[in-house]
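S.K.: Here's a structure for you.
The values are calculated or read from the model by the stated rules, or taken from the named source; none is laboratory data. What you see is a predicted model; the values in this text were computed from it and never measured. When we count neighbours, we look across all protein chains shown, and the Cβ atoms used for this are built from the backbone with ideal geometry, even at glycine. Quick note on the areas: whole protein, heavy atoms, side chains included, nothing else; ligands and nucleic acids left out. Shrake-Rupley method; radii C 1.70, N 1.55, O 1.52, S 1.80 Å.
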Amino acid sequence: MTDPEKPVLFHMVPSRGMVARWMLEEVGVPYDLRLLDGKKGENRAADYLAINPMGKVPALRHRGVLITENPAICAYLADAFPAANLAPAVDDPRRGTYYRWLFFAHGCVEPAVIDKAFERPPVQRGALGYGTYEDVFDTLEAALAPGPWLLGEHFTAADVIVGGQLAWGLRFGTVEKRTTFVEYAARLAERPAHQRQTALDGALIAAAEEAARTA
Ligand SMILES: N[C@@H](CCC(=O)N[C@@H](CS)C(=O)NCC(=O)O)C(=O)O
C-alpha cells in the first residue's frame, strides 16, 4: 500500500528530473523514486503515458495529484512542506519576486538556453517571449549580483530552478562563464542537498553506463 503523503518522483538519468530530485533533497522528506529507462522507451510506454501523456520527466505524484513541469514541482514542494522554508509566505511581498524568477526560469532562461544549444536562428526580439539571449542573461546577472541567492539571504525553490538551468548551461557551454554565474553555481554546489542528489544520481548514471557496457 503506497502512502499518499510520500511524494513519488518519476525520474530518468540524466534528465531535468535531477533538479526535481535536488528539490526533494532540499525539502528533506522521504520520497519514492520510479526510475524509467529512456533508452528502453519506458517513458513512452502506455503505463507511463497514462501518468504523463507528454512522456516526459520529471513528474511528481503527491496526495493523489500529479504535477509536471519542473518549476511547478519545485514550487509545489516548497508550499506542501513549509517547514523547509523554501518559499516566502503567500502574504510576504517578496512572494512577487519569488514568482518572478520561477516564471522567468521557464519562460525565459530555459528557451534561451535551448535555442542557443540547438543554434536556432534568432527571431524578432518583440515576438520572442525572452527577447534576446543577452537580455535574459544581463537581467539574471543583475538579479544575482547582490547574492547570495535570488531573494538575498533566503534560499528558495527559485534558486533550485534557476540554479539547475544555469549549472546545466555552464557545463554545456550555453551560458557564458560570467563571474556572477560561476560563483552562484559554486555556492549551490556546496549545499548538502545538492551534494546528496549529485551522489545519488551519479550512482544511477554510473550503473546505467556499466549495464550498457556489459549488455
Ligand atoms: N517542460 C518539462 C520538460 C521535461 C523534459 O523535456 N524532460 C526530458 C528529459 S530532460 C524528457 O523527459 N525527455 C524524454 C522524451 O521527451 O522522450 C519540464 O520542465 O519539466
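S.K.: Among the residues of region 81-116 satisfying the criterion of being open to solvent by 40 Å² or more (accessible area, probe 1.4 Å) and among the aliphatic types (A, V, I, L, M), which is nearest to SER15 (Cα to Cα)?
M.R.: Going through the qualifying residues, I end up with ILE114.
S.K.: Here's something else I'd like to know. Scan region 18-36 and give yes if some residue there is within 13 Å of the ligand (Cβ to nearest atom) and on the phi > 0 side of the Ramachandran plot, otherwise no.
M.R.: Checked region 18-36: no residue is within 13 Å of the ligand (Cβ to nearest atom) and on the phi > 0 side of the Ramachandran plot.
S.K.: How many of the residues in region 97-141 are within 16 Å of the ligand (Cβ to nearest atom) and under 26 Å from GLU153 (Cα atoms)?
M.R.: 10
S.K.: If a residue has to be without any contact (Cβ under 8 Å) to a residue 60 or more places away in the chain and farther than 20 Å from ALA84 by Cα to count, how many in region 1-16 make the cut?
M.R.: Looking only at that region, the number is 7.
S.K.: Which one of the conditions (1) in a loop (DSSP other than H, G, I, E, B); (2) open to solvent by less than 20 Å² (accessible area, probe 1.4 Å) does SER15 fail to meet, given that it meets all the rest?
M.R.: Single failed check for SER15: (2).
S.K.: Hey, could you check region 123-148 for residues that are open to solvent by 20 Å² or more (accessible area, probe 1.4 Å) and in contact with a Ser or Thr (Cβ under 7 Å, 6 or more places away or on another chain) and say which is modelled with the lowest pLDDT?
M.R.: ARG125
S.K.: Something else about it: Which pairs do you get when a residue that is more than 11 Å from ALA208 (Cα to Cα), found in region 30-47, comes within reach of a residue that is among the small types (Gly, Ala, Ser) and within 10 Å of the ligand (Cβ to nearest atom), reach meaning Cβ atoms under 7 angstrom, with the pair 6+ apart or on two chains?
M.R.: As it stands, the answer is ASN43/GLY55; ARG44/GLY55, since those pairs meet every condition given.
S.K.: Is there a residue in region 68-80 that is at pLDDT 95 or above, open to solvent by 50 Å² or more (accessible area, probe 1.4 Å) and within 11 Å of the ligand (Cβ to nearest atom)? First the steps, then the outcome.
M.R.: Going residue by residue through region 68-80, those that are at pLDDT 95 or above are 68-80.
Narrowing the set further to residues that are open to solvent by 50 Å² or more (accessible area, probe 1.4 Å) leaves 69, 76, 79.
Next cut, within 11 Å of the ligand (Cβ to nearest atom) only: 69.
Yes; the residues of region 68-80 include at least one that is at pLDDT 95 or above, open to solvent by 50 Å² or more (accessible area, probe 1.4 Å) and within 11 Å of the ligand (Cβ to nearest atom).
S.K.: Now, a different point. Hey, can you tell me all the residues within region 37-57 that are within 14 Å of the ligand (Cβ to nearest atom) and of a type in the set (Asp, Glu)?
M.R.: Within region 37-57, ASP37, GLU42 meet the criteria.
S.K.: Would you be able to tell me the number of residues in region 77-121 that are of a type in the set (Val, Ile, Thr) and closer than 21 Å to TRP168 by Cα?
M.R.: The number of residues fulfilling the criteria is 3.
S.K.: Tell me, yes or no, whether region 150-165 has at least one residue that is of a type in the set (A, V, I, L, M), in contact with a His (Cβ under 9 Å, 6 or more places away or on another chain) and not assigned by TED's automatic domain parsing to the domain that holds LYS39.
M.R.: Our first condition is that a residue be of a type in the set (A, V, I, L, M); within region 150-165, this holds for 150-151, 157-158, 160-162.
Narrowing further to those that are in contact with a His (Cβ under 9 Å, 6 or more places away or on another chain): 160-161.
Filter again for not assigned by TED's automatic domain parsing to the domain that holds LYS39, leaving 160-161.
Checked against the condition, which is being of a type in the set (A, V, I, L, M), in contact with a His (Cβ under 9 Å, 6 or more places away or on another chain) and not assigned by TED's automatic domain parsing to the domain that holds LYS39, region 150-165 yields at least one hit.
S.K.: Let me ask something else. Give the residue, chosen from ASP3, ASP47, that is surrounded by fewer than 12 Cβ atoms within 10 Å (Cβ to Cβ) and assigned to a helix (DSSP H, G or I). Full working, then the answer.
M.R.: Details: ASP3 fails: assigned to a helix (DSSP H, G or I).
It is ASP47.
S.K.: Here's another thing I want to ask about it. Filter region 178-212 down to residues that are over 19 Å from the mean Cα position of the chain (by Cα) and farther than 16 Å from VAL13 by Cα and give me whichever is most open to solvent (accessible area, probe 1.4 Å).
M.R.: Only one residue tops the list, namely THR179.
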